[in-house]
1. May I ask you to give the percent of accessible area on chain B that is carbon plus sulfur, with a probe radius of 1.4 Å?
2. Over region A:60-327, what is the mean sequence separation of C-alpha contacts under 8 Å (at least six apart), divided by residue count, expressed as relative contact order in percent?
3. Put +1 on the Cβ of each Lys and Arg and -1 on the Cβ of each Asp and Glu in region A:60-327; which of A:262, A:105, A:152 then has its Cα farthest toward the positive end of the dipole?
4. Looking for one value pair here: nearest-to-axis residue in chain A (by Cβ) for the rotation onto B, and the distance in whole angstrom.
5. Shortest first and in nm with one decimal, please list how far the residue B:56 label point sits from its counterparts in the other copies (point 7 Å along Cα→Cβ).
6. Is region A:202-339 best put as rounded, prolate or oblate by its Cα gyration tensor, with a ≥ b ≥ c the root eigenvalues, rounded for a/c under 1.5, and otherwise prolate when a/b is larger than b/c, oblate when not?
7. Counting each DSSP H run of 4 or more residues in the protein assembly as shown as -39500 (n - 2.57), what helix-only mean residue ellipticity at 222 nm follows after dividing by all residues, to the nearest 500 deg cm²/dmol?
8. Could you sort A:84, A:28, B:341 by accessible area so the largest value comes first, with the probe set to 1.4 Å?
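The values are calculated or read from the model by the stated rules, or taken from the named source; none is laboratory data. Just so it is clear, the structure is predicted and the values come from calculations on it, not from any experiment. In this analysis, Cβ positions are derived from the backbone assuming ideal geometry, glycine residues included, and neighbour counts consider all displayed protein chains. The protein model used for the area step is the full one, side chains on, heavy atoms only, and it has no ligands, DNA or RNA in it. Shrake-Rupley method; radii C 1.70, N 1.55, O 1.52, S 1.80 Å.
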Number of protein chains: 2
Amino acid sequence: MVDSKIKLPKIPEFDNAAAARARLRQDTLTKPPGSLGRLEPLSIQLAGIYGSSKFSVANKSVIVMAADHGVTEEGVSAFPASVTRQMVMNFLHGGAAINVLARQVGAKVVVVDMGVAADFDRSDGLLQHKIAHGTRNFGKGPAMSREEAEQGIQTGIRIMESEIGAGLDLVALGEMGIGNSTAASAITAVITGQPVSEVTGRGTGLDDHSLQHKIVVIQKAIEVNHPDPQNALDVLIKLGGFEIAGLAGVALSAASHRIPVVMDGFISSSAALLAYKLDPAIKPYLLASHLSVEKGHRAILDHIGLEPLLNLDLRLGEGTGAVLVFNLIEAAARILNEMSTFDKAGVDNKE
Amino acid sequence: MVDSKIKLPKIPEFDNAAAARARLRQDTLTKPPGSLGRLEPLSIQLAGIYGSSKFSVANKSVIVMAADHGVTEEGVSAFPASVTRQMVMNFLHGGAAINVLARQVGAKVVVVDMGVAADFDRSDGLLQHKIAHGTRNFGKGPAMSREEAEQGIQTGIRIMESEIGAGLDLVALGEMGIGNSTAASAITAVITGQPVSEVTGRGTGLDDHSLQHKIVVIQKAIEVNHPDPQNALDVLIKLGGFEIAGLAGVALSAASHRIPVVMDGFISSSAALLAYKLDPAIKPYLLASHLSVEKGHRAILDHIGLEPLLNLDLRLGEGTGAVLVFNLIEAAARILNEMSTFDKAGVDNKE
């Protein structure tokens, strides 16, 4: 059994007073109360996170963590493992979907090598924090050591602290790693208690036969490793990935600094799930951007108790859905800060 | 019986060849095919509308048409009719939700008086096309004359032609008019054949008792007026509004110039429904932005055969949901134009 204790930053309480002020303000704005639907509770949640009903979401980043997965040797992905390194280069050259969508919303893309099974030049503009050249194959034993898992989490925390030091207001969790939907499904099955077959999807595009094989690989991995569902660190060590460890750290650090954490799809949400199990105080700081096609995603959102804002049949990852939701977050913030009140605009209120 | 013939601009065919080129390009971009979900068919639809897989959505407007409704004298709205004029002033001063959301996406807000029951100064920056000081109470007879209905449609067409002449790429339909959800419900019931009670909602916030009254008023109005469900012009004359007539004209004109028409909520969609009945060739040019809380909205979308992109429990109107979707449209366009291909980025494709 792994000792479940790990040093983590303290997460402050959600500011109910600031949220209440935002709620009151919403009802003075020139619109029927509640008519902006989910933008209204979103603005109220943001106020409670920031501890102020006046807040800025100007400085936005998506932290895209990349790593490889030893379990790919079991044949669980439609794409070859070489693609992890190639896509990191694509991120650095600005040609991937996350680059395009981040440019649209003025968000910075921070690309981190957490454990890609290939080396990069120092000159690439990449944050180099490689823990190892990919995890070990968790079909045969633990994916990583306890030291590696802690190093992953602490790396995420330090990267986030550096971003926050530079004035960050809002962060999205992004990832790249061939094989990482296998890790996310294994983590989700263990922590939520759902059957593996209910939380395992096609990833980048498996056919029916390969999907069945992926399910068997995950079932076997859970048998071999005996992870303790009550111990998130144990689950991470046995079934996780280095990018998943890092993103859990990013999420915990962001919440500890009152920065909203925008989850993307299934894999980034499995990192948020581990963060939530490590410290449930993170919950009010989490925003579920969209519902992925990957079927395990709903189990994670239900387990934490979150409702996604978008349902666009996305299943890419990289942080793409999270960055799309930056638009809605900015809209919610602007509504609260820029709309006129009934009094100021001289508009008659409800009869 | 009203003659159903009216002179309308010719709508060109959707460009299937351009759509096919966009589809091919999507499958060469560095992502698993289909992984960007609804952004992919959205980009393909846009290519077919513009007649090119290379298109720009840089110049965006929301046309917000305002008018009053005689039927408000039956007590069908939670807000007093005075609010229509006051909200028009709020639009002109930039303090309404639509102003805030349009600023976020760089869209121009074009405010048009189609029939507000109050006068405005010439200096207000308002497009003044008042047909009358509100419609007549359709609980007692037709809302407008045939000449007024045609004038409404032609005004919408002319306004759109002027916007397109100035370089417009993308248009959203917006509206303001106390009482106009009553008109939209009446139009929807007649054209879709649904019972009035199934397509009538709380508008700006009616209680249960007032909602029942609103349903009875609409049922009586349909009995009194005997609109012909096969004749959209007849339905508009008997149960419509001047802003609804104008927006139908805007939609028809936009489609005739290969400009995508982004519908907002229930009222703007009732205008799109009339446009669709006047010329079904408009259908591929229509984009359903969101699903409104107003229960009649789903009946309209089902009747035309459209699926909304967002479901955020919005019920404000003004074009707010449509302008939020400008972000997704821009995202779809950028994905198609800016992402790298597998070949160019040197990324291995699916095994």
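1. Heavy-atom surface of chain B belonging to carbon and sulfur, 1.4 Å probe: 49 percent.
2. 25
3. Projecting each Cα onto the dipole axis, the largest value belongs to A:105.
4. Of all Cβ atoms in chain A, the one nearest the axis gives A:327, 2.
5. Those separations, rounded to one decimal, come out as 3.1 nm.
6. oblate
7. -14500 deg cm²/dmol
8. The ranking, largest first, comes out as A:28, B:341, A:84.
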